[in-house]
Each structure stands twice: as C-alpha cells, then as structure tokens.
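Readers should treat all values here as calculations from the given coordinates under stated rules, not as data from a laboratory. Quick caveat, the model's predicted, so the values are computed rather than measured. Every residue, glycine as well, gets a Cβ built from its backbone with ideal geometry; the counts of neighbours run over all protein chains shown.
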Protein chains: 2
Amino acid sequence: MFPVNEDEMARSQWIEDLEWVRPGLQTRSQQTQAKLLDAAAELFAAKGLAATTVADVAARAGCTTGALYHHFKDKQALLFALLQRTSEEYRATIQAAVDPARWEGARCLEILRAYLEFSLETGRNRPVSKGAAIEVAREDEGFREHLAELRSELNEGLLALLMARRDEIGHPEPETAAKFVLDVLGSLISTRLDELLLPTFLADRPDAEFVDEALTAAAAYLGLRTD
Amino acid sequence: MFPVNEDEMARSQWIEDLEWVRPGLQTRSQQTQAKLLDAAAELFAAKGLAATTVADVAARAGCTTGALYHHFKDKQALLFALLQRTSEEYRATIQAAVDPARWEGARCLEILRAYLEFSLETGRNRPVSKGAAIEVAREDEGFREHLAELRSELNEGLLALLMARRDEIGHPEPETAAKFVLDVLGSLISTRLDELLLPTFLADRPDAEFVDEALTAAAAYLGLRTD
DNA sequence: ATTATCTATAGATCTATAGATAATGC
DNA sequence: ATTATCTATAGATCTATAGATAATGC
C-alpha cells in the first residue's frame with residue numbers, strides 16, 4: 001500500500017482525562033455539555049462525522065457555535081468526549097452484565113440468550129456514530145487499544161461465565177469451543193445490526209427467530225447438555 | 001429518531017449507466033480515468049471519503065483537478081463510478097465462483113473452504129472504500145438494493161451448490177441449516193476483515209487456524225458426512 | 001478539428017476566534 | 001466577579017469552472 005501520513009505517525013491523542021473539555025462549573029454548563037454530546041451522537045450517527053458541522057450540533061443542542069467552543073477545544077475534542085462518554089456507559093453496562101453474582105444459578109443458554117437480546121436491543125435504540133469511531137480508530141492507536149480492552153472485558157467476562165459452567169459443555173475442548181462460539185455470536189450480532197453492507201438470509205426474519213437459530217447452533221456446537 | 005433530510009428524501013442517484021462519466025474516446029482518456037479510479041480507491045480506503053480532496057485524487061493519479069472534472073461531473077460521480085467498477089468486478093468474481101460446472105465433483109467442505117480463503121485474501125489485498133460505500137448506502141435506496149442483489153447472488157449461488165449436495169448434509173432441515181451456516185461464515189469473514197471495532201478471540205491466530213475452526217464448526221452444525 | 005489537460009481562481013463552506021452581552025451564584 | 005452564551009467574522013479549505021495550452025487521430 002502507501003503511507004497514510006506523510007510525516008511520522010502522530011502519537012495517540014486518546015487519553016482518559018480530556019483536558020480539552022472545560023470542567024463546567026455551573027449546573028447550566030453541564031446541561032449544555034450533555035445536550036451538545038447528545039446532539040453530536042445523533043447527528044454523527046445519522047449523517048456521519050464529516051457531513052455534520054459544528055453549527056449543526058450547536059443548533060440541535062439549542063445553542064450557538066460560540067457556546068460549543070466554550071466547552072470543547074475543537075471539533076475533535078467534541079468527538080473524543082462523545083466517544084469517551086459512550087465508552088464509559090458501555091463499560092459500566094458490561095461490568096454489570098458479566099458480574100458472576102448476577103448469574104448465579106443460571107445456565108449457559110440463559111446467559112447467551114440475554115447477551116444476544118440485550119445486544120440487539122441496545123444496538124437498535126442507541127445512536128452510535130460507528131463511522132466516527134472507525135475514523136478515530138483508523139488513526140489512533142490508543143483508541144484502538146481502548147476498544148480492544150472494552151471488547152475483551154465483555155468477551156472474557158462471558159467466557160468466565162461459561163467456564164464456570166463447563167460441566168454443561170460436552171465439547172472435548174470447552175474453552176476453545178466457547179471462545180469460538182463467542183466470536184460467532186459477536187459477529188452475527190454486529191452483522192445484523194449493520195445490514196447496510198452485508199445482507200444475510202436471516203435479515204428479514206424477526207429478531208426472535210434469529211436469536212433462537214443462533215442459540216440452537218451454539219448449543220449444538222458446544223454440546224450443551226439439556227440435562 | 002429524527003429526519004435525516006429536511007425536505008423529502010432524494011430519489012436514488014445510483015443508476016447502472018453513469019451519464020455523468022464522460023465516455024472517453026481516446027486511449028489516453030481511458031487510461032487517465034482508470035488511474036483516477038485507482039487513486040480514488042486507494043485514498044478513500046486509506047483516509048476516508050471526506051478527508052480525501054479531489055486534488056488529492058488527481059495528484060495521486062498524476063493529473064490535475066481540471067482533468068478530473070473533465071472526466072467526472074463532480075466528486076460524487078467519481079465515487080459512484082468507483083463503486084460501480086468495484087461492483088462489476090465483484091459480480092464477475094461471484095459468478096465465476098459459484099458456477100456449478102466449476103465445482104463438479106467437489107464436496108461441501110471444499111467449496112466452503114475456498115469461499116473462506118478467497119474472501120479473506122481478496123478482502124486483505126484489495127482496497128475497499130467501505131466507509132464511502134456505507135455513506136452512499138445510508139442515503140441511496142438504489143445502491144442498497146444493488147448491494148443486496150450482489151450479496152444475494154453470492155449467498156444464493158453458494159446455497160445452490162450446497163443444496164446440490166444435500167445428501168452430504170445430516171441436519172434434519174438441510175436448507176435452513178445451510179442458510180444459517182452461510183450467514184455465520186459471512187459474518188465471521190466480515191468481522192475478521194474489519195477488526196477495528198470488534199476484536200475477537202481468534203483475531204491474533206493465523207488465517208489458517210481461523211478457517212479450520214470455522215469449517216469444523218460448519219461441518220458439525222450441518223452434520224456433514226465425512227463419507 | 002477534436003479531445004484532453006493544465007493554470008488560475010471565484011464562490012461556497014466550515015472551523016475557530018474576538019469581543020460584546022447575559023446569566024449564575026458567592 | 002465569574003462563568004456561560006451570543007453575534008459577527010477572519011482565515012482556511014475545498015469544489016467546481018472558465019479559458020488557455022497541449023496532445024491525439026482522422
């Protein structure tokens with residue numbers, strides 16, 4: 001291929017504490033910031049990053065670009081703050097979801113079903129500026145690592161839940177099989193949520209059928225004992 | 001949600017014959033057009049659509065914006081022409097790949113292995129401006145339909161190959177099972193090719209291992225007779 | 001003679017800032 | 001008194017065009 005950047009690759013700009021976001025001392029300030037992030041989330045998801053101007057975001061949030069720039073250093077800072085907020089919500093959700101205490105007494109299939117149903121619902125109802133995230137991930141190593149870490153938290157959490165129930169699994173190599181099943185389910189969910197580029201046979205069937213089909217296949221592959 | 005367009009949704013601009021591309025009567029002209037499309041493919045894939053200026057494309061193709069605009073009505077025409085060229089190549093590849101004559105005497109597993117290996121190799125070596133395609137697909141119904149048709153040609157072709165070998169399939173509902181397996185393999189490939197947002201357990205294992213694992217799972221689910 | 005390319009730039013955005021005005025809370 | 005917001009606009013891009021120059025092929 002060819003070099004993306006003429007000069008040397010820029011170092012990661014993704015850091016946990018965003019000093020380019022004004023702390024926001026007044027209540028009003030925090031409300032405006034939240035509104036700006038909400039607006040950015042919707043617009044980036046609907047129109048894409050480049051097609052959304054800072055004026056669009058400000059207008060949708062009910063303020064002006066001047067106010068926007070009071071809160072965020074520049075357009076990228078707005079984007080990063082949005083990605084970070086989304087990230088934090090996502091991480092909290094994951095941690096609650098894979099908490100072993102929450103699933104005491106549950107069987108593998110129950111856990112996997114909840115994973116599928118919850119992922120589909122969340123993916124449907126929350127605007128995610130996937131394109132924007134891809135653009136940042138393409139250029140920012142730090143953000144890529146952050147994403148990998150998040151995903152790993154989910155994957156490893158689910159894996160631990162399954163492994164704690166390894167006596168349910170008939171497959172001769174439970175761990176390898178479980179990892180593969182999690183890869184498959186993750187891929188299926190992601191494809192189903194983003195039908196634009198990759199239509200599937202199951203695309204026009206209802207979610208319930210998709211979930212059942214996926215679970216049946218997972219159970220068969222893992223060799224889950226129905227007891 | 002909220003309306004993406006203030007006015008009514010624009011009608012599809014994706015049509016098969018692009019009248020906004022100059023026919024190109026001289027040999028030189030066709031070469032320049034090809035170079036411009038090559039340049040656009042590389043730059044859109046590497047930097048994204050919005051971050052690539054028409055001047056970038058022209059420079060990479062070794063000409064100037066003036067020449068570019070001689071060939072293409074505007075930036076969108078360049079993009080559409082690129083998507084169309086890619087599409088045509090893809091369709092030709094698909095048609096050759098799922099031609100029943102080509103697979104005479106082959107077993108299901110052989111076909112599926114070729115599908116996996118070929119998709120991975122192609123996806124790796126050819127720059128695809130996925131982001132650009134997503135942006136067009138988001139706004140253009142006609143292009144979405146076109147994509148669905150392409151994908152369907154691949155899916156249906158593969159399905160026909162498998163169904164012609166339904167005696168190999170032990171699963172009680174061979175067609176349903178085959179469709180599901182094709183969905184799963186398609187999703188896995190797509191995820192593996194685009195690791196940016198969705199890291200998997202198998203991500204850091206070599207392709208060969210990924211392919212074997214996927215095929216083993218497919219064979220188990222379909223209940224493929226090993227003869 | 002016609003087609004393709006280049007040079008130079010007008011016009012349209014869009015980002016980001018400076019300076020004025022309004023709201024907050026000690 | 002400090003923080004937040006608004007108004008107005010300078011400066012930076014980028015698209016697309018007009019008009020001049022160069023290459024092609026009948």
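Any chance you could count how many residues in region B:46-76 are surrounded by fewer than 19 Cβ atoms within 10 Å (Cβ to Cβ) and at negative phi?
Filtering region B:46-76 for residues surrounded by fewer than 19 Cβ atoms within 10 Å (Cβ to Cβ) gives B:46, B:50-51, B:53-56, B:59-60, B:62-67, B:69-70, B:73-76.
When the remaining residues are screened for being at negative phi, the result is B:46, B:50-51, B:53-56, B:59-60, B:63-67, B:69-70, B:73-76.
The total comes to 20.
Of all residues being within 14 Å of B:Ile15 (Cβ to Cβ), more than 14 Å from chain A (Cβ to nearest Cβ) and assigned to a helix (DSSP H, G or I) in region B:65-84, which is farthest from DNA strand D (Cβ to nearest atom)? Just the residue, please.
Step by step, filter region B:65-84, then rank; the result is B:Gln84.
Determine if region A:135-143 includes at least one residue that is within 14 Å of DNA strand C (Cβ to nearest atom), within 23 Å of B:Glu195 (Cβ to Cβ) and within 13 Å of another protein chain (Cβ to nearest Cβ). Working first, answer last.
Of region A:135-143, the ones within 14 Å of DNA strand C (Cβ to nearest atom) are A:135.
From what is left, the residues that are within 23 Å of B:Glu195 (Cβ to Cβ) are A:135.
From what is left, the residues that are within 13 Å of another protein chain (Cβ to nearest Cβ) are A:135.
There is at least one residue in region A:135-143 that is within 14 Å of DNA strand C (Cβ to nearest atom), within 23 Å of B:Glu195 (Cβ to Cβ) and within 13 Å of another protein chain (Cβ to nearest Cβ).
Condition check: within 14 Å of DNA strand D (Cβ to nearest atom) and under 19 Å from the mean Cα position of the chain (by Cα). Does B:Leu116 satisfy that? Don't jump to the end; show me each part of the working.
Values: within 14 Å of DNA strand D (Cβ to nearest atom): no; under 19 Å from the mean Cα position of the chain (by Cα): yes.
So B:Leu116 does not fit the description; no.
Counting just the residues of region B:35-59 that are of a type outside the set (A, V, I, L, M) and away from DNA strand C (no atom under 12 Å from the Cβ), which one comes out nearest to A:Leu49 (Cα to Cα)? First the steps, then the outcome.
Going through region B:35-59, the residues of a type outside the set (A, V, I, L, M) turn out to be B:35, B:38, B:42, B:44, B:47-48, B:52-53, B:56.
From the residues that got through so far, the ones that are away from DNA strand C (no atom under 12 Å from the Cβ) too are B:38, B:42, B:44, B:47-48, B:52, B:56.
Working: B:Asp38: 25, B:Glu42: 20, B:Phe44: 15, B:Lys47: 13, B:Gly48: 11, B:Thr52: 14, B:Asp56: 20 Å.
Among them, the one singled out is B:Gly48.
What residue, among those in region A:168-200 that are within 7 Å of another protein chain (Cβ to nearest Cβ) and within 19 Å of B:Ala219 (Cβ to Cβ), is surrounded by the most Cβ atoms within 10 Å (Cβ to Cβ)?
To start, the set of residues in region A:168-200 that are within 7 Å of another protein chain (Cβ to nearest Cβ) comprises A:179-180, A:182-184, A:186-188, A:190-191, A:196-200.
Now drop any that are not within 19 Å of B:Ala219 (Cβ to Cβ), which leaves A:179-180, A:183-184, A:187-188.
Working: A:Lys179: 22, A:Phe180: 24, A:Asp183: 25, A:Val184: 24, A:Ser187: 22, A:Leu188: 27.
Across region A:168-200, the extreme among qualifying residues is A:Leu188.
Pick out the one residue from A:Leu162, A:Leu158 that is in contact with a helix residue (DSSP H, G or I) (Cβ under 8 Å, 6 or more places away or on another chain), more than 11 Å from chain B (Cβ to nearest Cβ) and surrounded by 21 or more Cβ atoms within 10 Å (Cβ to Cβ). Steps first, please.
Details: A:Leu158 fails: more than 11 Å from chain B (Cβ to nearest Cβ).
Residue meeting the stated conditions: A:Leu162.
Considering only residues that are among the hydrophobic types (A, V, I, L, M, F, W, C) and either in contact with a Lys or Arg (Cβ under 9 Å, 6 or more places away or on another chain) or without any contact (Cβ under 8 Å) to a residue 40 or more places away in the chain (or both), which ones fall in region A:163-187? Let's see the steps before the verdict.
Here is the first cut: in region A:163-187, the ones among the hydrophobic types (A, V, I, L, M, F, W, C) are A:163-164, A:169, A:177-178, A:180-182, A:184-185.
Within region A:163-187, A:Met163, A:Ile169, A:Ala178, A:Leu182, A:Val184 qualify.
Does any residue of region B:114-124 turn out to be within 13 Å of chain A (Cβ to nearest Cβ), surrounded by fewer than 19 Cβ atoms within 10 Å (Cβ to Cβ) and farther than 27 Å from A:Glu213 by Cα?
yes
Output the residues belonging to region B:93-132 that are basic (Lys, Arg) and outside any loop (DSSP other than H, G, I, E, B).
Listed by number, the residues that qualify are B:Arg102, B:Arg113, B:Arg124, B:Lys130.
Taking the residues in region B:36-56 that are within 11 Å of chain A (Cβ to nearest Cβ) and not in a helix (DSSP H, G or I) as candidates, determine which candidate is farthest from DNA strand D (Cβ to nearest atom).
Across region B:36-56, the extreme among qualifying residues is B:Gly48.
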